[in-house]
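Read the structure below first, then the notes.
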Amino acid sequence: MSEEAVAAPDRFAEARVVVPRHVVHREFPTETVILNLRTGKYHGLNPTAGAMLEALAASGTVAAASTEVAEKFGLAEGEVAEDVRRLCEALLERGLIELDEA
């Protein structure tokens, strides 16, 4: 495993996650659709990942979003936190979220 992969979760622990203005999303019964207006690319999230995105947009932190999603689905917060971090990595890679490390 690379050093970057090992350090990735810490990046989210210290930063606020922000959905930028050029990204819009809409929840549907079977998926959440995200559109990056700069690239014109659509992305689909399953209902659980969609709930994670909504929690991140509302709270801005992995910890707060993890707590919210864990309570919503009756899951262990530690398990959910790892899933939220992985989702953040994927969204960040696609330009669908930004980190505010201030």
**Message:** Given the criteria touching a Gly at 6+ places or on another chain (Cβ under 9 Å) and of a type outside the set (A, V, I, L, M, F, W, C), does Asp83 qualify?
**Reply:** no
**Request:** Pull up segment 78-102, narrow it to residues that are within 11 Å of the chain's Cα centre (by Cα) and within 15 Å of Val33 (Cα to Cα), then point me to the one that is surrounded by the fewest Cβ atoms within 10 Å (Cβ to Cβ).
**Result:** Ala90
**Prompt:** What are the residue pairs meeting all of these: first residue in segment 86-102, first residue over 12 Å from Phe12 (Cβ atoms), second residue at pLDDT 95 or above and among the hydrophobic types (A, V, I, L, M, F, W, C), Cβ atoms under 8 Å, and 6 or more apart or on different chains?
**Reply:** Gly95/Val23; Leu96/Val23; Leu96/Ile34
**Item:** In segment 1-34, residue nearest to Ile97 (Cα to Cα) [restricted to those that are among the hydrophobic types (A, V, I, L, M, F, W, C) and modelled with pLDDT under 70]
**Value:** Ala8
**Prompt:** Can you name the residue in segment 23-77 that is assigned to a loop (DSSP other than H, G, I, E, B), free of Cβ contacts under 8 Å to residues at least 40 places away in the same chain and of a type in the set (S, T, N, Q) and, of all such residues, is surrounded by the most Cβ atoms within 10 Å (Cβ to Cβ)?
**Reply:** Asn46
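The values are calculated or read from the model by the stated rules, or taken from the named source; none is laboratory data. These numbers were taken from a predicted model, which means no experiment stands behind them. A quick note on method: Cβ atoms are made from the backbone with ideal geometry, for glycine too, and the neighbour counts reach across all protein chains shown.
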